[in-house]
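Notes for the one structure printed next.
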Amino acid sequence: MVGNSEASELLLKKAAEAVRAVDPAAFPAPARVVRRVIRSERDISRFGMQVPHRKSYVIDADELLLLVERDELGIEVESEVPSPSILIAQPGDETLTGMTLDQLLVRYWMLLFHARIDVTLARKVETGELSPALIRKRIDQLGQVEFDEMHAVLREEDFLLPPEDFSSVYIEAAAVYLQLRYFEPKRLGSFFPALKDYNRVDAVFSQDLDVLYLLETTRPVGAPAPEGLRKGEEEPEPKTKRTATKSAPPAAESFGGRTRILRAADYI
């Protein structure tokens, strides 16, 4: 009989192989390694678990190799490390114990999809294709109140990496929204309650992203369809558990009265 530790190692190995097969730049790694890399590259001094964007991270390959050993990425010394590289945090031991391979593959697919949105939009910002004026137009299309709420939630849930500007907030808003939209649609309403028309939000983000292409090209072999892609899935109903504000963050002022029934970023 295979012990729990051996079974977990085998599960991680199979899932990592499936992810690397679809995207050689993606590296599932222990969560502590991902947090360490983020702290070092972003010069974050705070300790503990709450490192921003700790479930996935995009980084230049040369910089990555200055911060980690290749065995921490699960690769051989001679293996190529494409740039940009994507770190994907492995689930903790307790979570992993109750997971099937299908569940782990969907989790990795979700995080890789999110990271590829980050990469795609950041590249468009760098080249000027997604200019400040165009981002401002996208925010207007979303609605200022809606975008302010998204900004506050992203900050509160530790999705925003320093340095923070409205371009990085727009990128992360797109990534988190689309991640929820396709992988956990029933949670979308409680996460961003100010968003009332998901089809309209889809249309705004699809101006800069080929979402279905990104879903296809990040799907590990053998990963089952997530909740938002299953045929016959009902549209998630918008909810109004949060109260949107017209003022920008800080989140503690805008949403300080919200009870944390769950820490959303721990799950997505």
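Any read-out appearing in this document is the output of simple, stated calculations on the displayed coordinates, not a laboratory observation. Because the structure is a prediction, the values reported are computed rather than measured. When we count neighbours, we look across all protein chains shown, and the Cβ atoms used for this are built from the backbone with ideal geometry, even at glycine.
Values for this structure:
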quantity	calculated
Cα shape, the range 67-156, gyration tensor, a/c 1.5 rule	oblate
Amide H contacts under 5 Å for Ala223, placed H, 5+ residues apart	none
Rel. contact order, % - alpha carbon contacts under 8 angstrom, at least six apart, the range 4-96	40 percent
For the range 204-211, 3J(HN,Hα) per residue [Karplus equation, 6.51 cos²θ - 1.76 cosθ + 1.60, θ = phi - 60°, Hz, x = Gly/Pro]	4, 6, 6, 5, 10, 9, 8, 5
Long-range tail of P(r) for the range 1-149 (Cα pairs > 22 Å, %)	49 percent
Burial ranking of peptide ranges 155-166, 99-110, 62-73, 122-133 (average Cβ count within 10 Å, highest at the top)	99-110, 155-166, 62-73, 122-133
Alpha-carbon centroid distance for the pair the range 172-230 / the range 51-96, whole angstrom	24 Å
Vicinal HN-Hα couplings computed from phi for the range 70-79 (Karplus, 6.51 cos²θ - 1.76 cosθ + 1.60; Hz; Gly/Pro x)	4, 5, 6, 8, x, 10, 7, 4, 8, 5
For Ser85, distant residues with modelled amide H under 5 Å away	Ile59, Asp60, Ala61
